[in-house]
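Single-structure report; data block below.
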Amino acid sequence: MDVSITQIMADKIKAGKSGLLLISDNYDAFAARVLAARGAARTLDLMYYLWHDDHTGRLLLQEVVRAAERGVRVRMLLDDVNPRKSDAAYLALSNHPNIELKLFNPSGIRARGIMRGAEVLLRLFALTRRMHNKAWIADDNVAIVGGRNIGDAYFDAADTNFRDLDMLLLGPAVQQTAQIFETFWACRDAKPIGELSSTAPCTQTRYFEGSDAKTESTLLSGIGGKGSIAEFIAASSDVHWVWRVRVISDPPEKVRGWRPRGWLMKELLPIIQSARKRVEIVSPYFIPGKRGARILGELVDGGVQVSVLTNSLAATDVAAVHGAYANYRKRLLRKGVQLFELQPFSRQPKISVFGSKGASLHTKAFCVDDHIGFVGSFNFDPRSVSLNAEMGVLFEHEKLVAELRHRFKSEIAPEASYRLELKNEILHWHGCEQGRPQTYAREPEAALSRRILAALVRYLPIESQL
């Protein structure tokens with residue numbers, strides 16, 4: 001890693017503070033990962049739930065391979081939820097002398113067919129437990145943790161793009177992140193790809209080639225004149241130096257049910273319940289369950305303002321989850337919880353240079369009162385609580401929470417989200433289009449097929465798997 005980082009930040013880091021920088025812009029998120037990889041001198045440790053084989057996936061993979069070519073030791077830990085056809089690419093990567101690749105909770109039968117189907121049936125519940133963590137760690141000096149996977153939709157290169165949030169970390173918080181990576185890397189459920197697949201590796205030429213020149217130029221435009229991650233950080237005036245910060249994670253044993261299933265939630269719930277003024281939650285997949293709905297209602301009864309932003313049915317990428325969430329809307333509104341749902345199209349001035357108009361929420365964050373915040377991979381749904389391994393950054397810092405709250409306020413504006421209201425037991429959605437207020441009496445802008453699917457899910461006993 002560029003030594004100027006430690007030169008610029010040495011005093012703060014030496015004092016035991018961690019540097020925290022929110023990255024909300026998708027191009028900035030892409031640029032930060034590129035520059036961190038380019039600046040790596042010793043190690044590059046990556047753990048991701050999804051790594052897509054698309055424009056951004058291939059470009060970032062190129063940066064990883066280039067780092068390995070310079071002699072950087074690369075370790076990649078990917079959840080095995082990724083497409084099975086990627087085995088050949090994984091093997092090609094692992095054949096590089098400086099790259100190790102492991103899959104988390106992998107299936108034993110790699111090829112599609114009857115045997116694969118049989119394994120899915122026999123290991124149905126085991127295979128639904130995934131590693132949802134996301135971390136990009138360079139030289140143990142810089143880490144990027146948050147909600148973004150690797151793929152076009154997370155970096156404004158798709159038709160519909162995610163609104164997401166990462167936290168760039170410096171100082172002690174990076175070592176905390178690195179320790180989480182080491183724990184998962186060494187666990188028994190992380191298997192080297194070479195032990196799993198008999199597929200012949202494909203050539204590097206095929207799998208490491210990038211996108212077309214125009215796409216690459218557009219994606220890399222966010223780097224601008226920044227030649228290093230140190231310059232990227234120095235160009236921002238929003239780095240906050242924080243004493244009280246913890247990078248926390250479920251243990252990898254969670255996928256086997258060996259440790260308490262809701263470990264991370266047991267860490268976060270008391271903090272939420274400690275609120276005295278307000279709780280603001282952003283969760284793309286929001287299924288509070290009866291207990292969660294009761295807890296949020298009790299907070300309101302105690303004088304706390306509780307607000308939740310999630311996806312509308314038209315904006316979500318998982319309509320089934322929305323169906324389960326819909327079961328709780330009326331009871332939450334009756335208790336005084338404020339609900340907002342992201343609109344499916346961006347009506348704010350900034351749009352992707354790729355021409356994207358679609359928007360879907362993927363941020364997972366919350367803030368309590370004016371001093372506690374969290375950004376990570378954790379959704380407020382049964383899957384994150386009980387099934388998936390999750391991680392995130394928990395911090396206490398008024399200015400950083402104010403920045404998080406400012407983002408929340410922007411996202412719930414009438415031009416960006418619908419505000420839900422319950423009138424005579426009928427739901428209404430309030431929004432704004434081209435400066436004119438709009439009110440809907442049914443799921444706004446959602447296709448009939450989505451409404452039917454969501455309605456069916458409301459009556460199926462599958463909430464625990466969503």
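The values are calculated or read from the model by the stated rules, or taken from the named source; none is laboratory data. None of these values were measured; they are calculated from a predicted model. As a convention, Cβ positions derive from the backbone with ideal geometry for all residues, glycine included, and neighbour counts pool all protein chains shown.
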(request) Mind listing whichever residues of region 145-173 are crowded, with 24+ Cβ neighbours inside 10 Å and among the β-branched types (Val, Ile, Thr)? (result) 145, 150
(request) Name the strands (runs of 3 or more DSSP E) wholly inside region 413-457 in which the number of residues that are over 30 Å from the mean Cα position of the chain (by Cα) is 2 or more. (result) 417-423, 436-440
(message) If I filter region 136-179 down to residues being closer than 19 Å to residue 284 by Cβ, of a type in the set (Phe, Trp, Tyr) and outside any helix (DSSP H, G or I), which single residue comes out as nearest to the chain's Cα centre (by Cα)?
(response) 162
(message) With touching a helix residue (DSSP H, G or I) at 6+ places or on another chain (Cβ under 9 Å), closer than 22 Å to residue 380 by Cα and either modelled with pLDDT of 90 or more or not charged (D, E, K, R) (or both) as the only criterion, which of 99, 144, 109 stands out?
(response) 144
(request) Could you tell me which numbered condition residue 426 fails, if it satisfies all but one of (1) without any contact (Cβ under 8 Å) to a residue 60 or more places away in the chain; (2) out of contact with any Ser or Thr (no Cβ under 6 Å at 6 or more places or on another chain); (3) surrounded by 15 or more Cβ atoms within 10 Å (Cβ to Cβ)? (result) (3)
(message) Restricting to region 374-404, give me the number of residues that are assigned to a helix (DSSP H, G or I), touching a residue at least 40 places away in the same chain (Cβ under 8 Å) and over 27 Å from residue 327 (Cα atoms).
(response) 4
(request) Report yes if residue 244 is more than 23 Å from residue 132 (Cβ to Cβ), over 21 Å from the mean Cα position of the chain (by Cα), basic (Lys, Arg) and surrounded by 14 or more Cβ atoms within 10 Å (Cβ to Cβ), otherwise no. (result) no
(message) Please go through region 353-375 and give me each residue that is at positive phi and at pLDDT 95 or above, ordered by number.
(response) 369
(message) If a residue counts only when it is out of contact with any Leu (no Cβ under 7 Å at 6 or more places or on another chain) and not assigned by TED's automatic domain parsing to the domain that holds residue 386, which strands (runs of 3 or more DSSP E) contained entirely in region 247-347 have at least 2 such residues?
(response) none
(request) For residues that are over 20 Å from the mean Cα position of the chain (by Cα) and surrounded by fewer than 22 Cβ atoms within 10 Å (Cβ to Cβ), scanning just region 17-44, find the one that is farthest from residue 151 (Cα to Cα). (result) 17
(request) May I ask you to verify whether residue 239 is over 20 Å from residue 155 (Cβ atoms), at pLDDT 85 or above and β-branched (Val, Ile, Thr)? (result) yes
(message) Against the definition (modelled with pLDDT under 95, among the aliphatic types (A, V, I, L, M) and under 27 Å from residue 403 (Cβ atoms)), how does residue 320 come out, yes or no?
(response) no
